[in-house]
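The values are calculated or read from the model by the stated rules, or taken from the named source; none is laboratory data. Being a predicted model, the structure only gives us computed values, none of them experimental. Please note: Cβ atoms are built from the backbone with ideal geometry, for glycine as well, and neighbour counts cover all protein chains shown.
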């Protein structure tokens, strides 16, 4: 199958989940909730779990239930020293550079965080577009409405000619049901809704060979 665009998740996809970035963001989320909503620290994790399962993200749940300021939340939780966790990744740069097709970031984070991650990895200029949580509001991944908005923003006419690359099985499930070719990152045991699975993006060539003329082929 030839394809026209690659839609990449950001966190735990462009880089390994072992970096500690998500854990650092989680600490900031806890602090925000305790400070701004007056919820006991011992109850925060259960609240976050509930919001994640019901609303897709902690942010969306906090907005719906508590009407928090989304920008304030995003700025606070992403205020971590990215440079302490990531560095230029020349191997990743070379791997992604093999594909001439459009490359788009599609994330539940915000633009600022995405740009900082991309810069820290040395990937400036790799992605033609960043679609973030605020652009797909009031929805988020894994909801189909978020994908519909992303398709509109990325001017995707046919999901069947595009590939979604993500670490989260529930995001891949939605993408798969919408007709995308799906690649799961972070595991070699793919979920039922992933068409392929790789341990890291270094292995992308194993499931997405580059063909003559720059048109990749999935399979």
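Some notes on this structure:
- Filter pass, residue 51 being in contact with a helix residue (DSSP H, G or I) (Cβ under 6 Å, 6 or more places away or on another chain) and assigned by TED's automatic domain parsing to the domain that holds residue 136: no
- Among the residues of the range 143-156, those that are touching a strand residue (DSSP E or B) at 6+ places or on another chain (Cβ under 9 Å) and in a helix (DSSP H, G or I) comprise 146, 147, 149, 150, 151, 153, 154.
- Any chance residue 96 is modelled with pLDDT of 95 or more, more than 17 Å from residue 21 (Cα to Cα), surrounded by 18 or more Cβ atoms within 10 Å (Cβ to Cβ) and touching a helix residue (DSSP H, G or I) at 6+ places or on another chain (Cβ under 6 Å): no
- Test result for residue 109, outside any helix (DSSP H, G or I) and crowded, with 20+ Cβ neighbours inside 10 Å: yes
- Pick from the range 113-142, criterion in a helix (DSSP H, G or I) and surrounded by 15 or more Cβ atoms within 10 Å (Cβ to Cβ), ranking: nearest to the chain's Cα centre (by Cα): 114
- Scanning the range 167-186 for residues that are over 13 Å from the mean Cα position of the chain (by Cα) and in a helix (DSSP H, G or I) gives 173, 174, 176, 177.
- Residues (surrounded by fewer than 16 Cβ atoms within 10 Å (Cβ to Cβ) and modelled with pLDDT of 95 or more) located in the range 172-191: 177, 179
- In the range 157-166, residue modelled with the lowest pLDDT [restricted to those that are outside any helix (DSSP H, G or I) and surrounded by fewer than 19 Cβ atoms within 10 Å (Cβ to Cβ)]: 157
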